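Structure record follows, encoded as structure tokens.
The values are calculated or read from the model by the stated rules, or taken from the named source; none is laboratory data. In this text the structure is predicted, and so the values were computed from the model without any measurement. All Cβ positions, even for glycine, are placed from backbone atoms using ideal geometry, and neighbour counts span all protein chains on display.
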Amino acid sequence: MELAATIQEVAANAWPASMTQVVDGWRLRTTPGVEARRSNSVLSLEDAGRMPLEDKLALVDEFYAERGLPVRFEVSPATVPAGLDEVLAARGFEIELDIDIMVGDLAEVASHSSKPGGPDVIVEATPSEAWLDTMLGVTARGERETLRDAVLDRIAPPARYASVADGDRTIAVGMSVREREWLGIFSMATLPEARRRGAATAILHALTSTGLREGATRTYLQTDIGNAASHALYEGIGFTTAYRYHYRVRR
């Protein structure tokens, strides 16, 4: 429970919403123009206990209805109050996506991801235009300027952006965000024609090595539970699955 609460919190800070309304401890989040569940969902890691659950759920409905958005909850082992997932299910909320959170010792992951002869990686403090092109081209998360202004430029903890180029093309990217002892890995994306050439592993090594030098000691990332290739890659360099979370949505 404590591990899940910490990671869900630092991950929320690593991918901020452009608008957040706090309701009795719950964070109601929305980021217009960016197609990311994390920044367009309710995060319920705290329950101040000043408001009945029915009233809080009604305010959630009102918040998203005013913006023409579906009501979506991020549900993890740290979600409060206990039993909220069952309440949402009874109200017709469906599971939208199951996600595994994987964690590792940062020094171990940095060591195991080192592959001699791998591609060169550039690590920068801000995302380049080429980095954005490749990330958006693979993930289709929204418009370039919206993503930069609404999310990336608003990340408070230190962020690093890694890329691998093949000639004048950026073929793979990834990013990290460091908070407390944790280094979060996000936005890993490789062009389809460039996969299985070691670019993703090289980016992981560059990001984790940088995070280690800057003071982090542990690392986390997330991957869809059905993505066998990603699980194999991450497990091969020292990650293990810590817990699972999902989103529930009512459209």
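Observations on the model:
- Single residue of the stretch 195-240 satisfying the filter (touching an Asp or Glu at 6+ places or on another chain (Cβ under 6 Å) and under 30 Å from Arg91 (Cα atoms)) that is surrounded by the most Cβ atoms within 10 Å (Cβ to Cβ): Thr223
- Here Met1 passes the criteria (1) aliphatic (A, V, I, L, M); (2) in contact (Cβ under 8 Å) with a residue 60 or more places away in the chain; (3) surrounded by 15 or more Cβ atoms within 10 Å (Cβ to Cβ) except the one numbered (3).
- Selection count where residues are over 22 Å from Tyr220 (Cβ atoms) and either in contact with a Cys (Cβ under 6 Å, 6 or more places away or on another chain) or surrounded by fewer than 16 Cβ atoms within 10 Å (Cβ to Cβ) (or both), scope the stretch 109-121: 3
- Scoring Val164 on the criteria (1) assigned to a strand (DSSP E or B); (2) within 26 Å of Ser41 (Cβ to Cβ) leaves a single failure, condition (2).
- Some residue of the stretch 123-142 being farther than 23 Å from Arg178 by Cβ and of a type in the set (Lys, Arg): no
- Considering residues of the stretch 119-154 that are among the hydroxyl-bearing types (Ser, Thr, Tyr) and more than 17 Å from Arg37 (Cβ to Cβ) only, the residue modelled with the highest pLDDT: Thr126
- Among the residues listed as Ala125, Ala110, the single one being under 22 Å from Gly211 (Cβ atoms) and in contact with a Ser or Thr (Cβ under 6 Å, 6 or more places away or on another chain): Ala110
- Some residue of the stretch 66-78 being of a type in the set (A, V, I, L, M), in contact with a Leu (Cβ under 6 Å, 6 or more places away or on another chain), in contact (Cβ under 8 Å) with a residue 24 or more places away in the chain and farther than 12 Å from Arg248 by Cα: yes
- Residue satisfying all of: in the stretch 122-148; part of a loop (DSSP other than H, G, I, E, B) and among the charged types (D, E, K, R); surrounded by the fewest Cβ atoms within 10 Å (Cβ to Cβ) among these: Glu143
- Pair list, Cβ under 9 Å, 6 or more apart: the stretch 87-99 residue part of a strand (DSSP E or B), other residue among the basic types (Lys, Arg) and exposed (fewer than 12 other Cβ atoms within 10 Å of the Cβ): Glu94/Arg251
- From the options Pro157, Pro116, residue that is touching a helix residue (DSSP H, G or I) at 6+ places or on another chain (Cβ under 9 Å) and either assigned by TED's automatic domain parsing to the domain that holds Leu204 or at pLDDT 95 or above (or both): Pro157
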